[in-house]
Amino acid sequence: MSLDAGARQLPEPVGLSVSGLSGRAVALPPPEVDVNRYVADLVRREIRLGLLPPGSALPSEREFAEMLGVGRTPVQLAFRQLRSEGLIEQRRGRNGGAFVRGASEDESRFQDVIAEAVRNRDEIRLAMEYRCLVEPVVARLASERRTAVELATLQAAHDELQSAPDDASFMRSDAVFHLVLAHITGNPFLVRGIEESRQCCHPALALLPESGAFHDATIAEHHEILAAVEAREPADAERAMRAHVERSMWSVQKLLSTLKERQPDAPR
């Protein structure tokens, strides 16, 4: 489920709560929407955007129900659906609860993500092509329209990226940076497009190498984008973002080709 960006819902002042769940603040479901589907869509969206990294604890069923003003049964049904999709797991004990499953330390989840990436490789390539076409324009518009508060939010996302203690935190901060840029445009169609394309790319992004070189390149490219947005240099912002997403597309295409070679019997 895409975030309704009609009111330019940016954090105040610089909190990185583009994710509603990370800040324990979610919009109430519309009256005509099934609550269990709403909860499942909400959690699935944030996992696929990288806003809920592997290992993240979800609110308890009771907390979720209280946030939405509903009974626990719809939340239980949503959690059951998410477990069947392999996105979350239930842990028992004193520190138990529902947690996001990740591909790096969970072999069965790792194989599921590989299979999903191979199965949806054509759609992922199209989503990356979309990002290469649209995100440079988003960066241009952000450099023209950003306010001081929005710039501070973007800077905070970049700071989080540089200090990320692990790959999951790094990927979350990367997602926040791109989503904040989309929100700065004030255009809900761009926000939805960026969200949906990133969700589509999630299986491939989750499998990219966890290397220092990859992280260093991302940090350097984000720094160039941030500097151009801060200086209100639209052409520089567009150029820096184009270089960034084109490198990402190259990495994703290389990954998908490698995975296809390892699974030659995958459906076309």
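Every residue, every condition in (1) touching a residue at least 12 places away in the same chain (Cβ under 8 Å); (2) touching a Gly at 6+ places or on another chain (Cβ under 6 Å), yes or no:
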position	(1), (2)
Asp122	no, no
Arg145	yes, no
Glu150	yes, no
Ala157	yes, no
Met171	yes, yes
His183	yes, no
Pro188	yes, yes
His202	yes, no
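Scanning segment 84-120 for residues that are open to solvent by 40 Å² or more (accessible area, probe 1.4 Å), part of a loop (DSSP other than H, G, I, E, B) and of a type in the set (D, E, K, R) yields Glu85, Arg92, Arg94, Arg101, Glu105. Count of segment 138-197 residues, restricted to those that are open to solvent by 50 Å² or more (accessible area, probe 1.4 Å), of a type outside the set (Gly, Ala, Ser) and more than 23 Å from Leu42 (Cβ to Cβ), is 10.
A quick yes/no check of all residues on (1) at pLDDT 95 or above; (2) hydroxyl-bearing (Ser, Thr, Tyr):
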| position | (1), (2) |
| --- | --- |
| Leu87 | no, no |
| Arg91 | no, no |
| Gly96 | no, no |
| Ser143 | yes, yes |
| Ser163 | no, yes |
| Ala175 | no, no |
| Pro188 | no, no |
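Entry remark, segment 43-58: residues being assigned to a loop (DSSP other than H, G, I, E, B) and surrounded by fewer than 19 Cβ atoms within 10 Å (Cβ to Cβ) number 1 in total.
The values are calculated or read from the model by the stated rules, or taken from the named source; none is laboratory data. Computed from a predicted model, the values in this text were never measured in an experiment. We place every Cβ from the backbone using ideal geometry, glycine too, and count neighbours over all the protein chains shown. These accessible areas exclude ligands, DNA and RNA; they are computed on the full protein's heavy atoms, side chains included. Shrake-Rupley method; radii C 1.70, N 1.55, O 1.52, S 1.80 Å.
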